[in-house]
Structures are given as structure tokens and as C-alpha cells.
Amino acid sequence: MQTIDLEVDGLRHLNATLHAQAQETNQTAWEVINPRGSHAIACGLDAPIEVSVKGSTGYYCAGMNKQATVHVHGSAGPGVAENMMSGTVVIEGDASQYAGATGQGGTLVIKGNASSRCGISMKGIDIVVHGNVGHMSAFMAQSGNLVVCGDAGDALGDSIYEARLFVRGSVKSLGADCIEKEMRPEHMEILADLLERGGCDAKPEEFKRYGSARKLYNFNIDNAY
């Protein structure tokens, strides 16, 4: 395993070194020590490498991730895994607001709680939160899956498109055009896979599914002011 000390080497050296890893690199395991809440750690990776961050990070950690596995042994600031395309990002602690925003693929696992706007405008990413999510989570979520093993805050799924939301606990309120939907066998299978990938011991039958009522797809004169 290669070790980079952020306190000694700095963020620019870290990201430049990780970006230099080729598709067939034999240096596949990296450890980052002394992150101390630094921003933009391990952003823009595009190689099948594993990066273990020993501590908490600032904003946009693992943003735009492709192929890589990034494991944060701490909490993450705003925008973790923002616009990720593939790979896996695991946060052992809590995540601040808009975790996984606009994510187009891959898996984001948050073992603590997520703040507001988790999964905002998600476009294919799978997000598994072991704890709670804050208000406006999955706002304008287009596709993908958001699994919440705890509770959800106000306006869950506001203006949602075709993403699937699975919540085990209570939902403070649903956003515009978001409704509770039937849990069919195919949804149970999808959820079981997500829970396994997310390392959750919850059972699929404990969850409710939420999604779009599809009433905002077309203009309705009754909604005009």
C-alpha cells in the first residue's frame, strides 16, 4: 500500500499522483493520512484503485469518481461523491449536505446520517444511508435509488422523476408529486441487493417505496397562477 501524508505532501501532490494511475497500474491501494478536513480529496479519479482516507474530509471528496473505491474513515463535508460516474464511495461517519448530487452511476454508502438535499438531481447513482437524511433529499431525482434506513426530513422527493426511494423509518413530509408506491417483488429484489451492497442488515419488507405520481410531466392549467 502506498501512503501519502497530506500534511507533508499537500493536496495537489495527492490528486496528481492518484490521477497518474493508469488502467493497468500495479499500485492499486493507497492510504491518505492527516486529511484534517481538506477539500477535494481524491476528486476526478478514473482508475480501478482503492483509496483509504484515514480521517474526515471537507467538501467534494471523491467528486466525479470513476472506477475507484474511496473509503473515508470519518465524516465528509458537502458534496461528497458529487457527479460520480461509477465505482464505490463509503463514508464511515456522517455526510453533510447534497451528498451524491447529480451522480450518474456507482454506489455511495453513508454509514452515519446525511444532511439536507442528499441525492439532489441524482441521475443513476445508488445511495445507501444507514441513518437519516435531511430535508429536500432526492429533489428532482431523475433515476437511480436512494435507500434510507432511518428517517427522512421534509419534502422528500420534491419534483421527482423516475428515481426510486426506499425509506425504513418515518418521512416528515413528501415533496411535490412524490407519493408512496406499491412494493412489488421486483422492488424487493432491487432493495435486497442495495442493502447487501451497502452493508445493511435491515430487511426489505421493513421499507416503504416512494416515487413520482407523474402529474408534473405535462402542463396543467389548474397549476398556473
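Any read-out appearing in this document is the output of simple, stated calculations on the displayed coordinates, not a laboratory observation. None of these values were measured; they are calculated from a predicted model. Using ideal geometry, Cβ is built from the backbone for each residue, glycine included, and neighbour counts are taken over all protein chains shown.
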Using amide H atoms built in the peptide plane, which far-off residues or other-chain residues are under 5 Å from GLU31 H to H? GLN2, THR3, ILE4, SER52
Using packing as a proxy for protection, rank 130-139, 143-152, 7-16 so that the peptide with the highest average count of other Cβ atoms within 10 Å comes first. 130-139, 143-152, 7-16
Please report, in debye to the nearest 20, how large the charge dipole of the range 2-216 is about its Cα centre when each Lys and Arg carries +1 at its beta carbon and each Asp and Glu carries -1 there. 500 debye
Label-point separation, MET188 to LYS66 (7 Å along Cα→Cβ), nm: 3.9 nm
Volume in Å³ per residue [convex hull over Cα atoms, computed for the range 174-225]: 105 Å³
Using amide H atoms built 1.01 Å from N in the peptide plane, name the residues 5+ places from VAL128, or on other chains, whose amide H lies under 5 Å from its own. LEU108, VAL109, ILE110, VAL147
For q values of 0.13, 0.18, 0.26, 0.29 Å⁻¹, compute log₁₀ I(q)/I(0) with the Debye formula on a Cα-only model of the range 121-169, without solvent. -0.22, -0.44, -0.91, -1.10
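Could you work out how much longer the chain between GLU196 and ALA22 gets when fully extended? Use 0.36 nm per residue separation minus the Cα distance between them, nm to one decimal.
59.6 nm
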In nm, give the distance between the simple-model label positions of GLU31 and GLN142, each being 7 Å from the Cα along the Cα-to-Cβ direction. 4.0 nm
Could you tell me what percent of the DSSP beta bridges with both partners in the range 2-216 are antiparallel, to the nearest 5? 15 percent
State the extension gain, in nm to one decimal, for the chain segment bounded by MET85 and ALA176, taking 0.36 nm per residue of separation less the distance between their alpha-carbons. 30.0 nm
Regarding the range 2-216, what are the three Cα extents along the principal axes, ordered largest first, in Å? 52, 31, 29
Under 8 Å for C-alpha pairs, at least 6 residues apart: give me the relative contact order for the chain, rounded to a whole percent. 10 percent
Cα centroid distance between the range 98-140 and the range 1-79, in Å? 20 Å
Limiting things to C-alpha atoms, what are the Rg and the maximum Cα-Cα separation (Dmax) for the range 95-222, in angstroms? 13.2, 47
